[in-house]
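Input: a single structure, listed below in structure tokens.
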Amino acid sequence: MEPAERAQAARDRVPRIDPYGFERPEDFDYAAYEEFFSTYLVILTRRAIKWSKLLKGSSSVQKSMTVKRYIRKGVPFEHRARVWMGVSGAQAQMERNPGYYHQLLQGQRNDSLEEAIRTDMNRTFPDNVKFRKSADPCLQKTLYNVLLAYGHHNQGVGYCQGMNFIAGYLILITKNEEESFWLLDALIGKILPDYYSPEMLGLKTDQEVLGELVRTKLPAVAALMDGHGVLWTLVVSRWFICLFVDILPVETVLRIWDCLFNEGSKIIFRVALTLIKQHQAFILEATNVADICEKFKEITKGSFVTECHTFMQKIFSEPGSLSMTTITRLRESCRAKLLVQG
Amino acid sequence: MSRKKIPKSKGTSAPSASVLPAANGPRAGRPRTARPGSEAPHNGPPQPGRPSLGGGGDFYDVAFKVMLVGDSGVGKTCLLVRFKDGAFLAGTFISTVGIDFRNKVLDVDGMKVKLQIWDTAGQERFRSVTHAYYRDAHALLLLYDVTNKASFDNIQDWLTEIQEYAQNDVVLMLLGNKVDSAQERVVKREDGEKLAKEYGLPFMETSAKMGLNVDLAFTAIAKELKQRSMKSPNELHFQLHDYIKREGRRASCCTP
């Protein structure tokens, strides 16, 4: 078959809306996707059988070396919510606090919190059929509740833009409001540093930490950034705030989150470093600030990130060793520097 | 298994003559008053004419950096997309997180002026992430939403922020957006005018949805910046205030 015919055939076979409710973008490469997915489907099937055996007879998922190995190879869709709930500690928190979520929803009104959340309702996944006003059930209400409850629960954070996208994904996976709330709490309260608090110090710190890691591991890219005076904020703030939602393909984001819930925030650095390292030569072609920004957008597209299984293997090999000790040390020094700068 | 496939970058590969964002964060701010743009002295390094050919035939003679600021949800991204693509993003856009930019080349009196327009997250906590970029901006468009009183009340806060972090001679314009929503309007045109007068700012009401005064706002900015960079004594002095007063259209003539 001619490439054009093949593309059209793939277009006819691959649904316009993905399994999560997202409409595929205009420029979606159906042929490349179909080719990838036929291979990935085999892997998914094999993993699903293994996971079913692993989970048989156990009520909750506990962290272990086996579970870690399994998670790195991907959690099947049908087990994802349960695995995330288990390894993140969200399940335990939910069981320890029965009724708490519903109490939060009935808590004291907070107009500015409600307004801030409401402003983003129509601006969260307009490309997802389940979040449309016309959808039944419409997930906007669920999203509103989760974010409102979280704002009441963690008043130091309240609502920060970016949380809408994260909560949205949690809802799509768990299909359960209360579980989404506890997973959001696991992420914001435990797994991630203070990315979303009003000072956003954890975010600023981690952007600098990434800069330091790039300086060590990919000095040419660091030199390019320094040479043009580009702040890391400019190119990676969304990576951190949105945990790659709406930046990388959905399936890839979910695979990253599998590891994030189990292994913690250093996964974000692994992903960022892998993206940069893989496209180092491409990035180095940039000759000005606008170019650099554009390159950093481009490197989050294409088959390298769509082929999520290979991508996930790469994040554990490409960046080389990345110990939590190193991250912790860098976080301390970067944070101290930021505090001095004010 | 892994193949690198990078889609071609679109139209942004022309050498940007923009000033670089500061590597060392914002400079120490000092208090001052916002002044009308047209009386301000020449702004920081204007871009030398570097005619260039980038992706998509992106020729330009001079380039400037413009930033859109204002509360979350006032329509910054929609205003930008209306100007850039002539379209209205009805329910198809997402909240801007962090900072992003788009380029547009305008023909201003026979000269190609490239505007690099920076769109920012409006939520208050993001200001500490975005204000480092103010100092390199040649112009700032400060928006509020005429259907949202709080966004208007916050203009003073934004001006304080701008005074602290932007250049002294930044071109500043106040825009009251969403005038198409006549029914929901809570900020009167006169209120916007009064505030603008108080701070000596050029002011217009806009509608990204209808396209009202959107091109005008950017064109006025481009004309002002171009004139400042030319410093030609023979050229008739461009008056930003007069220009938008003359060219600006009232919401009433365009509401459906």
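The values are calculated or read from the model by the stated rules, or taken from the named source; none is laboratory data. The structure presented is a predicted model; accordingly, all values stated were derived computationally and were not measured. Glycine gets a Cβ as well: all are built from the backbone with ideal geometry, and neighbour counts include every protein chain shown. Remember, those area values only see protein heavy atoms, side chains included, never the ligands or the DNA or RNA. Shrake-Rupley method; radii C 1.70, N 1.55, O 1.52, S 1.80 Å.
If you average 1/r across every pair of different Cα atoms in the protein assembly as shown and take the reciprocal, what Kirkwood value do you get, in Å?
Values: mean 1/r = 0.0391 Å⁻¹.
One decimal place: 25.6 Å for the Kirkwood radius.
Which residues among segment A:107-121 fall inside the zone where the amide N is under 15 Å from a point 7 Å beyond the Cα of A:Lys141, along Cα→Cβ? Counting backbone N atoms under 15 Å from the label point, the list is empty. Taking all C-alpha pairs of segment A:93-191, those more than 25 Å from each other amount to 12 percent. Modelled label positions at A:Lys133 and A:Glu35, each set 7 Å beyond Cα in the direction of Cβ, lie 4.2 nm from each other. Per residue, the convex hull spanned by the Cα atoms of segment A:201-341 amounts to 101 cubic angstrom.
The alpha carbon radius of gyration of segment B:108-224, expressed as a multiple of 2.2 N^0.38 Å, is 1.07.
Roughly how large is the A-B contact in terms of buried accessible area, totalled over both chains, probe 1.4 Å, nearest 100 Å²?
4000
With the simple model of a label 7 Å out from the Cα in the direction of the Cβ, A:Gln106 to B:Lys149 spans 3.2 nm. In a fully extended conformation the segment linking A:Ser317 and A:Arg118 would gain 67.5 nm over its present Cα-Cα distance, using 0.36 nm per residue. Toward the positive end of the charge dipole of the protein assembly as shown, with +1 on the Cβ of Lys and Arg and -1 on the Cβ of Asp and Glu, the farthest Cα among A:Pro15, A:Pro126, B:Gln167 is that of A:Pro15. Grouping the Cα pair distances of segment B:178-217 into 5 Å bins from zero gives a pair-distance distribution of 6, 24, 24, 26, 17, 4 percent in increasing distance order. In segment A:201-341, a dipole from Cβ-located charges (positive for Lys and Arg, negative for Asp and Glu) runs towards its positive end, and of A:Ile267, A:Ala281, A:Val340 it is A:Val340 whose Cα lies farthest in that direction.
The accessible-area ordering, largest first, of the residues A:Trp232, B:Trp118 stands as A:Trp232, B:Trp118, per a 1.4 angstrom probe.
The phi-based Karplus calculation (6.51 cos²θ - 1.76 cosθ + 1.60; θ = phi - 60°) puts the 3J(HN,Hα) values of segment B:132-144 at 4, 8, 4, 5, 9, 7, 8, 8, 10, 9, 9, 10, 10 Hz, whole numbers, x for Gly and Pro.
Stokes-Einstein D for chain A at 37 °C, 0.692 mPa s, Kirkwood Rh over Cα pairs, in µm²/s? Intermediate results must be reported in sequence, preceding the final value.
Numbers: Rh = 21.4 Å.
The calculation lands on 154 µm²/s.
Here the gap between A:Glu332 and A:Gln280, fully extended at 0.36 nm per residue and compared with their Cα-Cα distance, gives a gain of 16.0 nm.
For the protein assembly as shown, what is the charge dipole size about the Cα centre, in debye to the nearest 20, if Lys and Arg each add +1 at the Cβ and Asp and Glu each add -1 at the Cβ? Walk me through the intermediate numbers first.
Working: 80 positive and 68 negative charges, 303 e Å.
So the magnitude is around 1460 debye.
Here's how it looks for B:Val186: its modeled amide H is under 5 Å from those of B:Thr147, B:Asn148, which are all 5 or more places away or on a different chain.
About its Cα centre, the dipole of segment A:201-341 is roughly 340 debye, where the only charges are +1 on Lys and Arg Cβ and -1 on Asp and Glu Cβ.
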